[in-house]
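To keep things clear, I will list the structure first and then write my remarks on it.
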Amino acid sequence: MRAWIVEEQRPIAERPLRFVDLPAPVAEGTQVRIRVVACGLCRTDGHIAEGDLPLHRRPTIPGHQVVGVVDQVGAQVTMHQVGSRVGVAWIGGACGSCRECRSDRENYCPQFQGTGWHLAGGYAEYMAVEERYVYSLGDLAMEDAQAAPLMCPGTTGYAALRMAGVDRGDRLGLFGFGPTAFYVLRMARSLGVEVLVSTRGQARRELAVKEGASWAGSTDRDRIPDGLDAAIVFPAAGSLAERALAAVRPGGVVVSAAIAMPGFEIRDYRSNFWGRDFRTLYNVRPTDAQGVIRQARSIDLAMPVRVIQPEQVQEALQRVLAGDQPELATVVRWP
């Protein structure tokens, strides 16, 4: 099979990914083998390639926004059949027996394994995955390239919105407006939640208003209105933490959905932090992936997507890391 691999981490401009031929994996035990049809490109893949996240295997095949078809099942598989259309998300493994796993908190499992990080991912024509981390998409009326981002920004957005705890009539602030925030906006509006957006790019502000945001301002120039019931911070920008807390009323919640965050300081504890909850999104759970798939069956979650060929992955990932793309998501389609 053809696959993109990372063996030596270095800056993306130095082309750390290599396009190679590898033996296709074999499904064993409770694994299913998936013929990958589409895989979204994620900034996390770039963090793995550049060394911001350590390599857990050499070579590593990145990719954790996967849509494909089951083409082989292990002898102990009971949940999926050959020919089934399925998706794979960031969580690719957990022990299944610790306190966290037994309480539906696999994202905190000490043995958590990330697809495309600890385990081989979707930058390849085939991948083998434990069946419990494979999700049925057979009745999902979305084209494969549109469905792939559901597996990461969609799943992350669903988890962040769940943690924010908003309900009909509440006011939710979003700091940053990339693919994850796009999904949050669509889902929040379907719940009757008012959404306000603070982001840098003019095009992204216009898109947020088009999608139903009641207010969209510049992160650099405008202060998001106060009195929010909750806020979600997406960029890895420590300066946004206190700004979000200041905009949330006492009793409200701020969720950081970034996978990394530089150090930040709360300068005015009494005015900006006292009485608020600050929560961090730590990985995702299978129920988060299942939840966003349910949402996609009932509301329109299609977003602007750029589809590329397998040979274009390295250059496309450079654009993703640079933020140099008009589309919200980039997806590689395997023939």
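The values are calculated or read from the model by the stated rules, or taken from the named source; none is laboratory data. These numbers were taken from a predicted model, which means no experiment stands behind them. Counting neighbours? That spans all protein chains shown, and the Cβs are built from the backbone with ideal geometry, glycine included.
Quick look at the numbers
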item: When residues of the stretch 217-238 are limited to those that are over 26 Å from Leu321 (Cα atoms) and of a type in the set (A, V, I, L, M), the one nearest to the chain's Cα centre (by Cα); result: Ala230
item: Residues located in the stretch 45-55, provided they are in contact (Cβ under 8 Å) with a residue 12 or more places away in the chain and surrounded by fewer than 21 Cβ atoms within 10 Å (Cβ to Cβ); result: His47, Glu50, Gly51, Asp52, Leu53, Leu55
item: Selected residue (only one of Val32, Val67, Val36, Val20 is crowded, with 24+ Cβ neighbours inside 10 Å, over 22 Å from the mean Cα position of the chain (by Cα) and outside any loop (DSSP other than H, G, I, E, B)); result: Val32
item: Residues that are outside any helix (DSSP H, G or I) and modelled with pLDDT under 95, drawn from the stretch 307-328; result: Gly323, Asp324, Gln325, Pro326, Glu327, Leu328
item: Test result for Arg57, within 29 Å of Pro179 (Cα to Cα), in a strand (DSSP E or B) and not hydrophobic (A, V, I, L, M, F, W, C); result: no
item: In the stretch 100-148, the residues that are among the small types (Gly, Ala, Ser), surrounded by fewer than 22 Cβ atoms within 10 Å (Cβ to Cβ) and more than 16 Å from the chain's Cα centre (by Cα); result: Ser103, Ala128, Ser136, Gly138, Ala141
item: Any hit, the stretch 43-52, residues being of a type outside the set (A, V, I, L, M, F, W, C), assigned to a helix (DSSP H, G or I), touching a Lys or Arg at 6+ places or on another chain (Cβ under 9 Å) and over 30 Å from Arg18 (Cβ atoms); result: no
item: Qualifying position, being touching a residue at least 60 places away in the same chain (Cβ under 8 Å) and touching a His at 6+ places or on another chain (Cβ under 8 Å), among Ala89, Ala120, Ala124, Ala147; result: Ala89
item: Subset of the stretch 138-163 (residues that are part of a loop (DSSP other than H, G, I, E, B) and within 20 Å of Thr280 (Cα to Cα)); result: Cys152
item: Condition met for Pro25 (within 19 Å of Gly87 (Cα to Cα), surrounded by fewer than 21 Cβ atoms within 10 Å (Cβ to Cβ) and not basic (Lys, Arg)); result: yes
item: Qualifying positions in the stretch 172-187 - over 19 Å from Arg319 (Cβ atoms) and either more than 11 Å from the chain's Cα centre (by Cα) or part of a strand (DSSP E or B) (or both); result: Leu172, Gly173, Leu174, Phe175, Val184, Leu185, Arg186, Met187
item: Residue check for Ala38: among the hydrophobic types (A, V, I, L, M, F, W, C), within 24 Å of Glu130 (Cα to Cα) and either in the same structural domain as Arg319 (by TED's automatic domain parsing) or in contact with a strand residue (DSSP E or B) (Cβ under 9 Å, 6 or more places away or on another chain) (or both); result: yes
item: Members of the stretch 243-274 that are part of a loop (DSSP other than H, G, I, E, B) and either touching a Pro at 6+ places or on another chain (Cβ under 6 Å) or of a type in the set (Lys, Arg) (or both); result: Arg267
item: Subset of the stretch 163-211 [out of contact with any strand residue (DSSP E or B) (no Cβ under 7 Å at 6 or more places or on another chain), surrounded by fewer than 17 Cβ atoms within 10 Å (Cβ to Cβ) and more than 26 Å from Ala322 (Cα to Cα)]; result: Asp167, Arg168, Gly169, Ser190, Leu191, Gly192
item: Scan of the stretch 81-98 for residues that are of a type in the set (Val, Ile, Thr) and part of a loop (DSSP other than H, G, I, E, B), ordered by number; result: Val82
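To keep it simple, each residue is scored yes or no on (1) of a type in the set (S, T, N, Q); (2) modelled with pLDDT under 95; (3) within 17 Å of Leu137 (Cβ to Cβ).
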| site | (1), (2), (3) |
| --- | --- |
| Asp71 | no, no, yes |
| Gly83 | no, no, yes |
| Gly93 | no, no, no |
| Cys101 | no, no, no |
| Pro110 | no, no, no |
| Thr115 | yes, no, yes |
